[in-house]
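Report on the following structure.
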Amino acid sequence: MERMASKGKPSPRSAVKPLSDEQVAKLAQRHHLVDPTHDFPCGPRKANEAEIAAQNPKATHRLLTGCDIVFRNRTKLKAWGIEHVPETGPFITAATHVTMFDVFVPMISMFHQGRRPRYMAKAEMASWPLIGKWFQLVGMQPVQRRSGKAKAIEETSVEILTSGRPLTVWPEGTVTRDPQKWPMSMKNGVGMIALEASRRLGYQIPLYCAVTWGAASINHWWPWPRKNVVMCYDEALDYADLLADCDSWGEEVPEDLANELTRRIRVRMTEVMAEIRGEQAPDGYWDYRTMSRVKD
């Protein structure tokens, strides 16, 4: 029987095994792994200069440089799939949230691919010492959790996308409480946002799952030797079938469709994480509300 974790405290580092060199080598046989802490690691492409200029380029450059230094010194970071990041236009990145450390992995990867997404992140991050202000400067959109403002948050997110900007969300809403750190239950806001923004624009907005694993084993007080961290920026998730009758929805996206898209995101994240870890995911998923594993 799995030990229940406190809602206020994720499971410890000892709950999972570090990502081994052998497993990274196996991944390298199947995928082209690159170092995402450098510009255009997958080959030449056009940076979105207008987007870069609009998002505090000096502050963003400083944050990016600092993150690169930290990752190079504390991890052996590799990624595959970041060539999927579009050069122009809106897109959604749905990212895993295993630790506070690994939220930066998809961020720097997209920055080095010449894009500047906006980020839906908990408002508390804006008040963090030193980096809180930077978060706001480089595109953070503060989210007041448990505030009864879900509709307003979703509308802001839709407006970001319909204005042509990319958006990054963490659908779990907080660091996973799964005892083995698999993706847990997700809020259907990501489904609502993707479907409504696609309806307004008249086409399916590209939606990508970004899955990162390895940072859960880092001891931040003594991070050496460097740990393996791998991210997959997956192919775009198809949800065209959910948009088939969008003209008949009325004012709001049907909740069952938003739930289904959110379920697909969680399932795909779990599949990709299983490949990175070289492990079989448990049956069902961890439900944050009941703090227990439930069946799909």
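Tabulated data for the structure shown
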| read-out | value |
| --- | --- |
| Filter result (in a helix (DSSP H, G or I) and either in contact (Cβ under 8 Å) with a residue 24 or more places away in the chain or surrounded by 19 or more Cβ atoms within 10 Å (Cβ to Cβ) (or both)) within the range 274-296 | Glu275, Ile276, Arg277 |
| Pairs, first farther than 10 Å from Val98 by Cβ and open to solvent by 20 Å² or more (accessible area, probe 1.4 Å) in the range 171-188, second among the β-branched types (Val, Ile, Thr) and part of a loop (DSSP other than H, G, I, E, B), C-beta under 8 Å, six or more apart | Gln180/Val16 |
| Count of the range 214-235 residues which are closer than 19 Å to Arg74 by Cα and open to solvent by 10 Å² or more (accessible area, probe 1.4 Å) | 10 |
| Top-ranked residue in the range 76-108 [being in a helix (DSSP H, G or I) and touching a strand residue (DSSP E or B) at 6+ places or on another chain (Cβ under 6 Å); ranked as surrounded by the fewest Cβ atoms within 10 Å (Cβ to Cβ)] | His84 |
| Residues located in the range 189-212, provided they are closer than 16 Å to Thr270 by Cβ and part of a helix (DSSP H, G or I) | Val190 |
| Where Glu271 falls short, out of the listed (1) surrounded by 22 or more Cβ atoms within 10 Å (Cβ to Cβ); (2) assigned to a helix (DSSP H, G or I) | (1) |
| Residue pairs meeting the criteria (Cβ under 7 Å; at least 6 apart or on separate chains; first under 17 Å from His84 (Cβ atoms) and touching a residue at least 60 places away in the same chain (Cβ under 8 Å), in the range 24-36; second among the basic types (Lys, Arg) and open to solvent by 30 Å² or more (accessible area, probe 1.4 Å)) | Leu33/Lys78 |
| Total residues in the range 147-188, condition more than 19 Å from Asp234 (Cα to Cα), assigned to a loop (DSSP other than H, G, I, E, B) and among the charged types (D, E, K, R) | 6 |
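The values are calculated or read from the model by the stated rules, or taken from the named source; none is laboratory data. Every value quoted in this text rests on a predicted model; they were computed, and no experiment measured them. When we count neighbours, we look across all protein chains shown, and the Cβ atoms used for this are built from the backbone with ideal geometry, even at glycine. Note: areas computed on protein heavy atoms with side chains; ligands, DNA, RNA excluded. Shrake-Rupley method; radii C 1.70, N 1.55, O 1.52, S 1.80 Å.
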